[in-house]
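Laboratory data are not the source of any read-out in this text; all were calculated from the coordinates shown. Everything numeric in this text was worked out from a predicted model, so none of it was measured. Because the Cβ atoms are built from the backbone with ideal geometry, glycine has one as well, and the counts that use them run over all protein chains shown.
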Amino acid sequence: MKTKDIMARLQAKYPGESEYLQAVQEVLESIEEVYNQHPEFERAKIVERMVEPDRIFTFRVTWVDDQGEVQTNTGYRIQFNSAIGPYKGGLRFHRAVTPSMLKFLGFEQTFKNALTTLPMGGAKGGSDFDPKGKTDAEIMRFCQAFMLELWQCIGPDQDIPAGDVGVGGREIGFLYGMYKKLAREYNTGVLTGKGSTWGGSILRPEATGFGALYFTQNLLHHAGKDIKGCKVAVSGFGNVAWGACIKALELGAKVVAISGPDGVCAMPEGITKEMIDYMLVMRASNRDRVEDMATRFPGQAFFTAGKKAWSVPCDIALPCAFQNELSEDDAKELKANGCWCCCEVSNMGCQPGAIHFFQHNGILFAPGKAVNAGGVATSGLEMTQNAEHISWSGKEVDEKLHFIMKSIHEQCVKFGTQPDGSVDYVKGANIAGFMKVAQAMLEQGTI
Ligand code: 2IT
């Protein structure tokens, strides 16, 4: 297998699908050497099969807004790979959603899910619906209309969606209500991220952020460092950023920045518990503005329009918002300001140039598919609880999440340790995830 040849073929076949091509390129580059030591993979054309989704559903979603006007959006579900388990992955509602974006996310999800130690295949879905400025009633009508199409494609042993950008507990509630009405079954295992009184797992809302901090702790420990007293810059203010802030604070770090599409809020004395709670209010408001934090906490949070979290001096950068949110220039600014570690929490949050810069300038870096896997892992734990019709305590879930993040870190170290003793976490995560999926595909024959 030659990455160059496969990429040339994919570029010709899917011109303009830049996020998808970027995600595939990163994985192929890191697995090429190992892959070519396995002629059985080459014979079975594993890579050629793995880069194509199993199937893509595309559907029209029509709904009526509060003014009585008819609105039309496009919905998607991409079932990417089911070698090691049923399709599993989130739904993204964002105005920029395209098949390319969801293909990249579904592809990444396949390897991420393989790292979790749980039996889950990869999928992603969503819509170009823009939640910004929408009322709760509009969000409910959109979710219901979306599920009217989606429900035929999913099932607890088939494909299990969850949240992602623009889809949180509120949206999962509306989606589940409509699913239940259509299927006439109380089938909790069909979605994860549910409310805790109706089949949701304790700690699922926090899990992505908590898991990311557990991974960061493992990485720092391996490098002989400690998070206590470190200054942390976080991007975004949604569910993932919220969980990361809670755990960072708990571990004795100081969160000095959060950000939004409108700019950055710097908090020189560190974020407080009250401010973290306010992030939930900001998310629920659908305003999509981080400036609201500075308005609510004058003298503690200082807003600068048009700037990113990476402009605030920190030790550790945690991108928690969107793909490609951290550029090479941002990476240079971070280093110039003293940053020495970046754990990518968002999916593909760092541009290739930024990753390259980190890796060649002694900055510890770990990729999203390892760092943020605690979210989907806890979804996997929710599926187990649903299948058994039981509910575990927060302590039980947290212990399992700790174990999973530790094991993901170990897999990265096993496959990513370099001759000089340093760990290439990108390589480690990609090879570990790939080997598991590739082996399963091989054993299941040419399908
Ligand atoms: O990117 C992700 O891993 C998620 N959005 C969570 C997916 C899930 O099924 O919990």
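How would the chain be classified by its alpha-carbon gyration tensor: rounded, prolate or oblate, with rounded meaning a/c under 1.5 and the a/b versus b/c comparison settling the rest? Kindly include the intermediate steps, with their values, before the conclusion.
Numbers: a/c = 1.41, a/b = 1.01, b/c = 1.39.
Here the chain falls in the rounded category.
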### Task
Mind checking which of Met435, Thr197, Ala212 is farthest towards the positive end of the chain's charge dipole, using Cβ charges of +1 (Lys, Arg) and -1 (Asp, Glu) about the Cα centre?
Thr197
### Message
Counting other beta carbons within 10 Å of each residue's own, what order do Lys134, Lys308 fall into, fewest first?
### Response
Lys134, Lys308
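Per 0.36 nm of contour for each residue apart, how much would the distance between Arg55 and Thr295 grow if the chain were fully extended, relative to their Cα-Cα spacing? Walk me through the numbers before you get to the answer.
Numbers: separation 240, 0.36 × 240 = 86.40 nm, distance 4.62 nm.
Roughly 81.8 nm would be gained on extension.
Quick one: length gained pulling Ala96 to Glu328 fully straight, 0.36 nm per residue minus the C-alpha distance? Present the calculation step by step, with values, prior to reporting the outcome.
Numbers: separation 232, 0.36 × 232 = 83.52 nm, distance 2.23 nm.
Between Ala96 and Glu328, full extension yields an extra 81.3 nm.
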### Task
Work out which helices of the chain, taken as complete DSSP H runs, extend at least 30 Å along their axis over the Cα atoms and score a mean Kyte-Doolittle of -1.0 or more, then list them.
394-416
### Only Lys, Arg (+1) and Asp, Glu (-1) charged, at Cβ; the stretch 1-50 dipole about Cα centre in debye
260
### Query
How much FRET efficiency would the formula 1/(1 + (r/R0)^6) give for Gln22 and Thr72, where r is the Cβ-Cβ distance and R0 is 30 Å, rounded to 0.05?
0.55
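Over the chain, what relative contact order in percent results from Cα pairs under 8 Å that are six or more residues apart? The partial results should precede the final answer.
Values: 936 pairs, mean separation 68.1, N = 447.
Relative contact order for the chain comes out at 15 percent.
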### Message
Students often get this wrong, so check it: of Lys228/Lys369; Lys88/Lys231; Lys4/Lys332; Lys124/Lys228; Lys124/Lys254; Lys112/Lys247, which have C-alpha atoms separated by over 31 Å?
### Response
Lys88/Lys231; Lys124/Lys228; Lys124/Lys254
### Task
Treat every Asp and Glu Cβ in the chain as -1 and every Lys and Arg Cβ as +1, leave all other atoms uncharged, and give the resulting dipole magnitude about the Cα centre to the nearest 20 debye.
280
### Summary
Check: C-alpha center the stretch 213-272 vs C-alpha center the stretch 303-353, spacing in Å is 12
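Using a ≥ b ≥ c from the Cα gyration tensor of the stretch 178-297 (square roots of the eigenvalues), is it rounded, prolate or oblate, where a/c under 1.5 gives rounded and otherwise the larger of a/b and b/c decides, a/b for prolate?
Details: a/c = 2.92, a/b = 1.44, b/c = 2.02.
Oblate shape, in that a/c is at least 1.5 and b/c is the bigger or equal ratio.
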### Summary
Non-local residues with an amide H under 5 Å from the amide H of Val64, with H modelled 1.01 Å from N and Pro and chain starts lacking one, are Gln71
### Message
For the pair Glu42/Lys414, report the inter-label distance in nm, with labels modelled 7 Å from Cα in the Cβ direction.
### Response
2.6
### Message
Relative contact order for the stretch 1-75: what percent, with Cα pairs under 8 Å and sequence separation of 6 or more?
### Response
21
## Note on the structure
Exposure-ranked with fewest Cβ neighbours within 10 Å first, Ser201, Ser196 stand as Ser196, Ser201
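Return Leu280, Leu326, Leu249 ranked ascending by Cβ neighbour count within 10 Å, so the fewest neighbours appear first. List each step's numbers first, then the result.
Details: Leu280 16, Leu326 28, Leu249 19.
The most exposed by this proxy come first: Leu280, Leu249, Leu326.
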